[in-house]
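Trainee: I'd like to ask you about the structure that follows.
Every number in this text was worked out from the coordinates using simple rules, so none of it is lab data. Small disclaimer: the values here were computed from a predicted structure and weren't measured. Ideal geometry is used to build each Cβ from the backbone, glycine not excepted, and the neighbour counts take in all protein chains shown.
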There are 2 protein chains.
Amino acid sequence: MTTKDPRAAGLARLAALAADETRAACLLALLDGRAWTAGELARHAGVAASTLSEHLGKLVTGGLLAEERQGRHRYVRLADARVAQLVEDLAAQVAPGAAERPRTLRQAGAGSAMARGRTCYDHLAGRLGIAVTDAFTARGLLLQETGFALTDAGLRWFGAAGIGLDRRGRRPLARACLDWTERRPHLAGVAGAALCRHALETGWCVRIGSERAVKVTEAGERALSELLGIDAEALR
Amino acid sequence: MTTKDPRAAGLARLAALAADETRAACLLALLDGRAWTAGELARHAGVAASTLSEHLGKLVTGGLLAEERQGRHRYVRLADARVAQLVEDLAAQVAPGAAERPRTLRQAGAGSAMARGRTCYDHLAGRLGIAVTDAFTARGLLLQETGFALTDAGLRWFGAAGIGLDRRGRRPLARACLDWTERRPHLAGVAGAALCRHALETGWCVRIGSERAVKVTEAGERALSELLGIDAEALR
DNA sequence: CGGACGCTTCGGCCCTCACCGAAGCGTCCG
DNA sequence: CGGACGCTTCGGTGAGGGCCGAAGCGTCCG
């Protein structure tokens, strides 16, 4: 076993992609699930466009990002849900060590909007995500004590609400994602993504500005109250 | 947002720990859940003892490893189940790209023993792990279709088998771990760990040599057949 | 059609870090 | 007590890689 281990080489190569602060900042930014242009990411990370271009090359070649060229823009996004989960897991491992507090008032405002509700790749997070997850659990739609899975009643709930669940593919139907503001697991996976998509499509939630923060509308409050018994106060 | 993001810095620092091939080899080796001495790891990775000593320093400081000094030996192991899961997840992400085939006959032999059954940190993996997980699922003890969680019947099964489950702490009771030889999820988490510990303590399984491979004993075949209806042939 | 814009390539700079061997320290054992 | 052994510290070396600005290329728009 003294010979080179291909698994170790692969692991090191993968980890190296996230082992640079600029690339890490890109990955975290892309956790909002949307596509960013190279320029946006360069400004976000605070480096020259040329530098960021090289970073994107590595991330795309490494399979972490998917790219899409449109005109003079280069859009990138996380390659798939698997990558998103990996980045989430790494970020969650980091969080316990680095408790963060916002500095300026503006950041505090943005921070609290993010803490109220946001998207985490393709599902809901923040207090909103927690409230939904807790409501699912309290109503017997979701098991959390013995793992993380939808119950039969949970499956029926999605059917009754008219939210389709794509059960092809190997992505788990329900999976826990650790929330970095709440430090608690919330609903991710196919079910979490479907719920988030439905919430944005039907107007239960709207995105705030160009950030990943989301806000529950009045219609959303009514729907969440009726379907899941969520008190609007819990979302404030 | 052009200022430095502490979360990105933390993520990069964490990833950098795994971004070196020698350290990656150590992390993978330690996935067997046992404690290795610095010398063993140095020989395994094929570097000088002095080099490996520095790597261990970084991994311990970074919180990935826990160390224990005994006489002139320095034993290290993965810090906790959280770290183990992270390494597993990273390794699983790598596996699809690098299909590996054993080179020599000896490696083939060791490889097939590993494929039959092994430990993955603190739970069972390989065909053995898959067989157990499938048996749990088939008997309604474990949900896999809608997530990954023990059912009430599953909880009762552990009670009836006299296998205690420590439900304090935040570690999930049941969780999926992707097997890199079988490419399928198997039972990990508190339940997976308890089952593996029980199997080794009662002699259902024994470790083969000093490797992480395990072998099912005759008593183990009887027990697995009686308690879970597992056909001994499925373990070959 | 020409200028603004977004991205990429290239050359060069500098810092980081993995590696080794030699030397030193503590532990174990004959 | 002395030698073997395991680990660590230190100095030196070399490769890798992140960064920038300048220059080039394609796209968009007035």
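Trainee: Could you tell me how far the Cα centroid of the range A:26-53 sits from the Cα centroid of the range A:146-216, in Å?
Mentor: 26
Trainee: Determine the dipole magnitude for the range A:8-79: charges of +1 sit on the beta-carbon of Lys and Arg, -1 on that of Asp and Glu, nothing else is charged, the reference point is the Cα centre, and the result goes in debye to the nearest 20. Display every interim value, and only then the final one.
Mentor: Values: 9 positive and 7 negative charges, 33 e Å.
Around 160 debye, computed over the range A:8-79.
Trainee: Loop only per DSSP, at most 14 neighbouring Cβ atoms within 10 Å: give me the trypsin sites (Lys or Arg not before Pro) in the range B:49-79, ordered by residue number. Could you put the intermediate results ahead of the total?
Mentor: Details: sites: B:58, B:69, B:72, B:74, B:77; in loops: B:72.
Answer by residue number: B:72.
Trainee: Another question, then. Out of all DSSP beta bridges with both ends in the protein assembly as shown, state the antiparallel percent to the nearest 5. Numbers along the way, then the final one.
Mentor: On the way: 45 of 45 bridges.
Antiparallel bridges make up about 100 percent of those DSSP assigns within the protein assembly as shown.
Trainee: Indicate the gyration tensor shape class of the protein assembly as shown (rounded, prolate or oblate), computed on the Cα atoms with a ≥ b ≥ c the square roots of the eigenvalues: a/c under 1.5 is rounded; otherwise a/b larger than b/c is prolate and the rest oblate. Could you put the intermediate results ahead of the total?
Mentor: On the way: a/c = 1.96, a/b = 1.23, b/c = 1.60.
The shape class here is oblate.
Trainee: Given Cα pairs under 8 Å that are at least 6 residues apart, what percent is the relative contact order of chain B?
Mentor: Details: 300 pairs, mean separation 37.8, N = 236.
Dividing the mean separation by the residue count of chain B yields 16 percent.
Trainee: Please give the helix A:6-18 orientation as an angle from the longest Cα principal axis of chain A, in degrees from 0 to 90, rounded to the nearest 10.
Mentor: That works out to roughly 80 degrees.
Trainee: In addition: What are the distances, in nm and sorted shortest first, from the label point of residue B:170 to the label points of the same position in each other copy, with each label point placed 7 Å from Cα along the Cα-to-Cβ direction?
Mentor: Result, one decimal in nm: 2.9.
Trainee: Moving on to the next point. Within straight cross-link reach of residue A:58, meaning Cα distance under 19 Å, which aspartates and glutamates are found once same-chain residues fewer than 8 apart are removed?
Mentor: A:20, A:21, A:40, A:67, A:68, A:80, B:20, B:21
Trainee: Within the range B:140-160, name every residue whose backbone N is under 20 Å away from a label modeled 7 Å from Cα of residue B:182 along the Cβ vector.
Mentor: The answer is B:140-151, B:154-155, B:157-158, whose backbone nitrogens lie closer than 20 Å to the label point.
Trainee: Helix-only estimate, please: 222 nm mean residue ellipticity of the protein assembly as shown, summing -39500 (n - 2.57) across DSSP H runs of length 4 or more and dividing by its residues, to the nearest 500.
Mentor: Values: 20 runs with 232 residues, N = 472.
Calculated mean residue ellipticity at 222 nm is -15000 deg cm²/dmol.
Trainee: Same structure again: So for the range A:8-79, averaging the separation of alpha carbon pairs under 8 Å that are six or more residues apart and normalising by length, what relative contact order in percent results? Write out the running numbers ahead of the final one.
Mentor: On the way: 73 pairs, mean separation 23.6, N = 72.
Computed over the range A:8-79, the figure is 33 percent.
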